[in-house]
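Asker: The structure follows.
Bear in mind that the values in this text are calculations on the coordinates, not laboratory data. It should be emphasised that the depicted structure is a prediction, and the values quoted were computed from it without experimental measurement. Neighbour counts run over all protein chains shown; Cβ positions are idealised from the backbone, glycine included.
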Amino acid sequence: METSRRGALALGLGGVAAAAPAAAVAAPAARALFVSTWDFGAAANAAAFARWKAGGSLIDALEAGAQVPESDASNHSVGFGGYPDRDGHVTLDAILMDDAGNVGAVAALEDMMHPISVARRVMEKTPHTMLVGEGARQFALAEGFAPVKLLTPEAEAAWRDWLKTAKYQPIANSENQRGSALDHDTIGMLACGPDGRLAGACTTSGMAFKLRGRVGDSPQAGSGLFVEKGVGGATATGVGEEVTRIVGTARVVASMRAGMSPQAACREAVLHIAQLRGDAVRDVQVGFLAIDTRGAVGAFALQPGFTFAVTDPQGRTEVRAAESLKGPGRTK
């Protein structure tokens, strides 16, 4: 499958004017079934596909897929082995959402291996959409989840090394610098069944060495994840504060509802951030990934380097590079 190699506007972020019409992007040869952010999304997609192929629902599949990076100690941007906050605590955020308006999320959750599964319990067993902090932990324990020490020796060593300077600066595309102390982001997943039904998931350990209590866009419906029946779904990655400023994924889906393609909708959201924030996001990465009810996929980012994994209904997976405001995308 090939996507267009046509580049985005070669403009500095501070010089963006009005949003120009989106460049045309060729539709994939086959519709997508699962899409995930970053290179490590390929392994998550594989687990999701296996669960779906065995008869699981889209939510079953997304939960299984999200659990892969959550339990991977070498992935310092999600779950077990994630980098802690400034006080040395690993806190996790996650959300599941379907196109019938069912949503469950947890934020600032500690001591649980699979926050995505706790989020599902919130969705299915409570009248709420989000539980946070100690309340989320107490709920998880009541639901039978066993506590796990999430801070690994490697992550603790990176934290203690960071304490020597205590300087936090987000680095664009650190998600693909596996094993690096720069890892600090998330995995977002979207699913579109053969019948056009939609669901999504997002899970993260958040920014490395963040202020205690910080929650980014990831577990917030409409910011880190949003799906809408008959329209499409979107997920976000990068510096979450920039996504929450524009309620990014809700904006992407609203643009799709208005007739934009997934690609054009992602691009519009990125351009809006660039116009709104100017030099404040000159070196920041934010990316959006979207899918519509036909399984067409779009992705766009502020900076080059945002990658995403696409799996078709036959289980074939391809990792692609998104187009970006500062440079062309490519397929690999």
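Asker: Taking all pairs of different Cα atoms in segment 30-103, averaging 1/r and flipping that mean, what Kirkwood radius in angstroms comes out?
Answerer: It works out to 13.4 Å.
Asker: Taking segment 246-332 on its own, what percent of its Cα-Cα pair distances exceed 16 Å?
Answerer: Beyond 16 Å sits 52 percent of the P(r) for segment 246-332.
Asker: May I pose another question? Of the trypsin sites (Lys or Arg not before Pro) in segment 185-267, which ones lie in a loop per DSSP and count no more than 15 other C-beta atoms within 10 Å?
Answerer: Here the sparse-neighbourhood loop sites are Arg212, Lys229.
Asker: Determine the distance separating the Cα centre of segment 292-314 from the Cα centre of segment 49-113; give it in Å without decimals.
Answerer: Here the two parts' Cα centres lie 20 Å apart.
Asker: Restricting attention to the alpha-carbon atoms of segment 13-331, what are Rg (one decimal) and Dmax (integer), both in Å?
Answerer: Just the Cα atoms of segment 13-331 yield Rg and Dmax of 17.9, 54 Å.
Asker: Continuing with this model, one more query. If you consider only alpha-carbon coordinates, what radius of gyration and Dmax does segment 64-155 have, in Å?
Answerer: 12.7, 42
Asker: Apply the Karplus parameterisation 6.51 cos²θ - 1.76 cosθ + 1.60, with θ equal to phi minus 60°, to every residue of segment 282-297 and state each ³J(HN,Hα) to the nearest whole Hz, in sequence, with x for glycine and proline.
Answerer: Those phi angles translate into 4, 10, 9, 9, 9, x, 10, 10, 9, 9, 10, 6, 9, x, 6, 10 Hz.
Asker: By how many nm would the segment from Ala54 to Ala166 grow when fully extended, if each residue of separation counts as 0.36 nm and the alpha-carbon distance is taken off? Please report the intermediate quantities before stating the final value.
Answerer: Values: separation 112, 0.36 × 112 = 40.32 nm, distance 4.72 nm.
Gain in length upon complete extension: 35.6 nm.
Asker: A further question on this structure: Please compare each pair in Lys53/Lys125; Lys53/Lys149; Lys164/Lys326; Lys125/Lys229 to a cut-off of 24 Å on the Cα-Cα distance and tell me which ones are over it.
Answerer: Listed pairs above 24 Å: Lys53/Lys125; Lys53/Lys149; Lys164/Lys326.
Asker: Quick one: net charge of Ala46's neighbours, Cβ under 12 Å, K/R +1, D/E -1? Please report the intermediate quantities before stating the final value.
Answerer: Numbers: positive: Arg51, Lys53, Arg316; negative: none.
Counting the neighbours of Ala46, the net charge comes to +3.
Asker: Run the dipole for segment 73-122 about the Cα centre, Lys and Arg Cβ at +1, Asp and Glu Cβ at -1, nothing else charged, and hand back the magnitude in debye, nearest 20.
Answerer: The calculation lands at about 80 debye.
Asker: If you line up the Cα atoms of segment 177-332 on their principal axes, what length do they span on each, largest first, in Å?
Answerer: The principal-axis extents, from largest down, are 43, 33, 33 Å.
Asker: Under the 0.36 nm per residue contour assumption, what length would be gained going from the current alpha-carbon distance of Glu143 and Arg245 to full extension? Mind showing how you got there, number by number?
Answerer: Details: separation 102, 0.36 × 102 = 36.72 nm, distance 3.39 nm.
Working it through step by step, the gained length comes to 33.3 nm.
Asker: Please sort by residue number the trypsin sites (Lys or Arg not before Pro) in segment 34-117 whose DSSP state is loop and whose Cβ has at most 14 other Cβ atoms within 10 Å.
Answerer: Values: sites: Arg51, Lys53, Arg86; in loops: Arg86.
Those that pass, being in a loop and sparsely packed, number zero.
Asker: What does the net charge come to around Val118 if you take all other residues with beta carbon closer than 12 Å to its beta carbon, with K and R at +1 and D and E at -1?
Answerer: Local charge sum for Val118: -3.
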